[in-house]
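The values are calculated or read from the model by the stated rules, or taken from the named source; none is laboratory data. A quick note: this is a predicted structure, and the numbers were derived from the prediction, not measured. Backbone-built Cβ (ideal geometry, glycine too); neighbour counts: all protein chains shown.
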2 protein chains.
Amino acid sequence: MFQKPATIQDVARAAGVSTATVSRVLSNPGLVSERTREAVLLAVQETGYRVNQAARNLRMQRAGAVLILVPNLGKPFYSGILAGISEGFVGSDYAVLITDTESNPLQDATLSGYFIDGRIDGAISLDGGLSAEALAQCTRCGAGGRIVFLCEWVEGQDFPVISSDNAEGARLAIRHLHDLGHKKIAHVTGPDGNILTTARREGMVAERERLGLPVRSEWIIRGDFSLESGHEAAHRILAMRDRPTAVFCSADMVAFGLIAGLIAGGLRVPEDISVVGFDDIEMSGSFVPALTTIRQDRHGLGRRAAEVLLDRLAKANDQSGREPAMPVELVIRASTAPPTD
Amino acid sequence: MFQKPATIQDVARAAGVSTATVSRVLSNPGLVSERTREAVLLAVQETGYRVNQAARNLRMQRAGAVLILVPNLGKPFYSGILAGISEGFVGSDYAVLITDTESNPLQDATLSGYFIDGRIDGAISLDGGLSAEALAQCTRCGAGGRIVFLCEWVEGQDFPVISSDNAEGARLAIRHLHDLGHKKIAHVTGPDGNILTTARREGMVAERERLGLPVRSEWIIRGDFSLESGHEAAHRILAMRDRPTAVFCSADMVAFGLIAGLIAGGLRVPEDISVVGFDDIEMSGSFVPALTTIRQDRHGLGRRAAEVLLDRLAKANDQSGREPAMPVELVIRASTAPPTD
DNA sequence: TGAGTTTATGCAATCGATTTCATGTCCGGT
DNA sequence: ACCGGACATGAAATCGATTGCATAAACTCA
């Protein structure tokens with residue numbers, strides 16, 4: 001057969017010390033004398049010892065893992081975020097579990113169950129659609145302080161939230177279009193009930209009012225962050241009598257669908273109509289035309305969420321509340337230009 | 001403070017039986033009498049007991065987790081696969097760990113380390129770029145039979161492989177173009193050294209020869225599965241004196257970049273040039289023009305890999321080797337049409 | 001009725017680490 | 001020379017489950 005992994009007993013025997021000493025060398029070397037420390041480290045080398053996580057977790061009453069709840073792993077938007085999160089946990093001895101809440105919907109008891117099981121020590125949710133009951137169950141079993149929301153969040157709950165400054169992003173987009181000379185600006189929203197939909201729509205409306213731009217209710221088009229919804233929006237716009245000269249989309253994917261639809265309908269982007277996206281996913285820079293958009297620091301968002309959660313897990317301090325919003329940035333590319341009345 | 005999770009002891013006390021009995025009720029109910037079984041189940045309800053995974057894993061000498069190695073989580077291609085994998089593990093009491101091998105490159109000892117640690121019981125690698133040394137270390141520590149490759153694989157190694165019939169996909173694409181009347185067919189490859197690049201290129205070359213289609217070396221354009229490489233390929237093609245009338249791309253993303261580039265260069269798709277992709281990712285159906293492509297059953301591939309790995313983990317049987325290739329399918333949409341010489 | 005099964009259950013060892021507590025040694029100060 | 005403290009180490013309890021073995025009760029069959 002194959003060689004069984006060495007246990008702490010094996011190391012202790014090899015080094016001629018007790019298991020307690022081996023354990024101390026590994027986790028608290030200051031307590032051990034120079035001589036024995038070296039002997040133990042040598043024995044560790046020789047035996048190829050690695051600490052058994054199950055045993056350690058059992059003894060330390062922890063799970064050694066965190067769970068990331070992703071609404072839909074397929075959306076390119078999440079990739080950079082996940083990379084940032086993983087990076088944030090490198091060297092922390094927490095394993096990162098990822099689950100797709102769309103293809104594996106959570107029951108109310110599932111998340112708290114993972115905590116009770118000792119499967120996870122903490123969670124980062126990119127899904128703002130968790131039920132209040134599910135969260136209440138987590139709080140009840142003491143997991144409340146170990147859940148962090150990222151990008152999305154649940155209204156009326158007091159969990160830490162890391163997110164971009166969505167309102168500011170909307171503001172930047174509108175101001176950019178206004179600076180180019182656009183007055184008739186449409187908006188394709190996210191799905192109803194999504195917290196980001198609200199934040200971006202309201203930011204956009206506020207800025208439009210501030211700048212005194214004209215308002216038409218049909219210029220606010222309901223979407224759902226998908227390529228298809230952008231495509232549908234294009235049809236709506238093509239059919240309008242009083243067409244906007246620019247469109248601010250709630251997500252880059254929407255912008256892609258929109259642009260494709262507009263071009264298929266005979267318009268040119270940006271000559272006939274300007275388009276601004278939101279997110280700045282990888283593809284946006286190489287789309288044709290390259291997309292002007294609001295950049296979210298996806299990697300940074302992920303890292304920050306990991307940091308905040310690690311901090312929670314380490315200190316068990318329960319000061320909740322929202323983290324300062326992460327800055328966004330306007331990236332000007334080729335999909336916007338002055339209107340050509 | 002919060003209520004501590006109930007242990008098996010608590011349940012045993014509540015039901016007036018020993019912990020052994022509780023354990024049996026939960027894992028091997030047939031051994032226990034009707035009466036006590038009911039009493040125990042009641043006690044489980046009342047206490048809200050859930051078995052502690054760390055303890056169970058320690059005792060059973062398992063990790064309760066599998067690791068999925070994904071080359072780049074950001075690529076939409078992987079989404080459906082991951083969904084299929086997760087689905088395959090639902091109800092199996094294995095946790096699914098996901099890691100991005102691009103943003104977190106594996107050292108030679110990392111993967112085997114996870115096995116030795118008792119962090120994972122098995123792995124599914126979507127990355128065909130694992131080093132021989134890393135794999136050798138896994139084999140050495142007895143983890144050889146618990147690694148499954150999916151989509152990609154490492155040449156010269158005897159791990160089970162689940163993958164689509166890449167050669168057949170290439171054949172279908174070329175035959176489709178040939179049936180439409182195309183003779184001058186170009187191909188944008190994947191990255192050098194990638195196993196799929198080879199499989200698809202060779203499938204395409206073989207079929208082209210079989211049909212007696214003309215060959216020009218510049219019609220085989222080096223790409224890397226990315227949108228950008230499609231875009232570059234467009235420039236190459238636009239600059240050719242003897243232009244192909246159709247292009248078979250090694251991935252849908254490449255096709256998107258290619259089409260965008262061709263259109264920007266003044267050609268029409270499919271009127272002036274036809275384009276076929278490979279993968280059929282979500283976006284392909286709603287791209288403009290909708291993409292004709294070779295569909296891989298991503299969900300099914302993921303599920304199958306999960307099944308094969310679960311099987312391995314359960315039976316500890318070591319019969320390795322390649323699984324039968326998963327079928328692919330030609331999906332005809334709007335990006336291909338007869339040539340218009 | 002008694003020997004031999006079968007069935008149901010409990011006791012206690014075990015998995016591999018961490019950590020408390022006790023012990024022993026060495027040192028400096030008086 | 002003696003005492004107190006600092007330091008190094010080991011013995012053993014502990015985390016929460018699973019399971020081999022022993023035992024007791026119930027049942028079968030001649």
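General observations
- Subset tally (residues that are outside any helix (DSSP H, G or I) and within 13 Å of A:A63 (Cβ to Cβ)) for the range B:52-75: 4
- Criterion: without any contact (Cβ under 8 Å) to a residue 40 or more places away in the chain, of a type in the set (K, R) and within 14 Å of another protein chain (Cβ to nearest Cβ) - qualifying residue of A:R216, A:R268: A:R268
- Here the range A:30-46 is the region considered, the condition is being more than 14 Å from chain B (Cβ to nearest Cβ) and hydrophobic (A, V, I, L, M, F, W, C), and the residue that is farthest from DNA strand D (Cβ to nearest atom) is A:L42.
- Across the range B:28-82, the number of residues qualifying as β-branched (V, I, T) and without any contact (Cβ under 8 Å) to a residue 40 or more places away in the chain comes to 4.
- Among the candidates A:T139, A:T99, residue that is closer than 24 Å to B:A83 by Cβ and modelled with pLDDT under 95: A:T99
- Candidates B:V40, B:V66, B:V25, filtered to the one that is in contact with a Lys or Arg (Cβ under 7 Å, 6 or more places away or on another chain) and β-branched (V, I, T): B:V25
- Residue that is nearest to DNA strand D (Cβ to nearest atom), among those in the range B:85-108 that are in a loop (DSSP other than H, G, I, E, B) and facing chain A (nearest Cβ under 7 Å): B:V90
- Output for the range A:1-43, where each listed residue is in a loop (DSSP other than H, G, I, E, B), among the hydrophobic types (A, V, I, L, M, F, W, C) and within 10 Å of DNA strand C (Cβ to nearest atom): A:A6
- Test for A:V96: is it within 30 Å of B:D93 (Cβ to Cβ), β-branched (V, I, T) and within 16 Å of DNA strand C (Cβ to nearest atom): no
- Scope the range A:185-196; condition surrounded by 19 or more Cβ atoms within 10 Å (Cβ to Cβ) and under 26 Å from A:R241 (Cα atoms); matching residues: A:I185, A:A186, A:H187, A:V188, A:T189, A:G190
- Residues being modelled with pLDDT of 95 or more and not in a loop (DSSP other than H, G, I, E, B) - total across the range A:273-297: 11
- Residue in the range A:68-84 that is within 14 Å of chain B (Cβ to nearest Cβ), of a type in the set (S, T, Y) and more than 15 Å from DNA strand C (Cβ to nearest atom) present: yes
- If you go through the range B:287-311 and keep only what is under 24 Å from B:L330 (Cβ atoms), more than 14 Å from every other protein chain (Cβ to nearest Cβ) and hydrophobic (A, V, I, L, M, F, W, C), you end up with B:I294, B:L301, B:A305.
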